[in-house]
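Below is one structure, written out as structure tokens; comments come after it.
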Amino acid sequence: FYLYGKEIHFIFKEKLFIIFLFLIISFTFFRKRLKKVSLNKIIYFLVSLFITYFIFIFFYFQNYYEISNLQRPPFYSLFLVMSGLYNFETFNTLIFFQIILSYLSIIIFFKILFIYTNNLNLSLVFTCILALSSIPYILFKFVIAEQMLFFLSISTYYFMFMHNKTNRDVYIFISLILASLAWLTKWEGQLLFLSVSVYIILKFWPNNLKN
């Protein structure tokens, strides 16, 4: 992941404007299609997302960089770049962001419990157990992707639960994006993506048949 991050950092320095222009165009393209949700539109969104990603990897990188062989998914390496690890040549910024991820994981865990128990005291007790168990920050080591995968996993389920509770369309797309990022953080993240896909099918398929 560290070596892939160095390659991404080099590409960003050399072709920064083109990359950000690509991201802006992609975001605008997808945003216009997120107003009303149906199973067909979700499938269209995901197919478009992954096609865009693979075109970017294979054609823009042109196989000049090892990252294009996809032996390791690129998102965690991109996170290392965004943390300032290569710009400042220090692990201090990465450590700071790891602390933030650990803290957010604990808060999200509490919110998930409170959504389904509606009991503040019980949610606090189990959240304290999680915090004292050191699970949110036991993965707090240099240049590993497991902590990012943990954060993306718990965040994905939080927004999926929020969608189940409120039926607000935006939450299902956030879940899909986070699950996709988990897949691109470590290949094991595809299991998270599959679980969200099963939820979408069970949630939207009956309505899709009626229509």
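Some observations on this one:
- Meets criteria (modelled with pLDDT under 90, open to solvent by 30 Å² or more (accessible area, probe 1.4 Å), in a helix (DSSP H, G or I) and under 30 Å from Thr90 (Cα atoms)) for Ile129: no
- So Phe75, is it within 23 Å of Trp183 (Cβ to Cβ) and either touching an Asp or Glu at 6+ places or on another chain (Cβ under 6 Å) or at pLDDT 85 or above (or both): no
- Pairs where the first residue, in the stretch 96-123, is more than 30 Å from Ser83 (Cα to Cα) and the second is open to solvent by 70 Å² or more (accessible area, probe 1.4 Å) and among the basic types (Lys, Arg), C-beta under 7 Å, 6+ apart: Ile115/Lys165
- Tally of residues being open to solvent by 80 Å² or more (accessible area, probe 1.4 Å) and farther than 19 Å from Ile135 by Cβ across the stretch 92-115: 2
- Pro136 vs. criteria more than 23 Å from Tyr103 (Cα to Cα), modelled with pLDDT under 90 and either among the basic types (Lys, Arg) or in a helix (DSSP H, G or I) (or both): no
The values are calculated or read from the model by the stated rules, or taken from the named source; none is laboratory data. Bear in mind that the values here come from a model prediction, so they are computed numbers and not experimental data. Ideal geometry is used to build each Cβ from the backbone, glycine not excepted, and the neighbour counts take in all protein chains shown. Note: areas computed on protein heavy atoms with side chains; ligands, DNA, RNA excluded. Shrake-Rupley method; radii C 1.70, N 1.55, O 1.52, S 1.80 Å.
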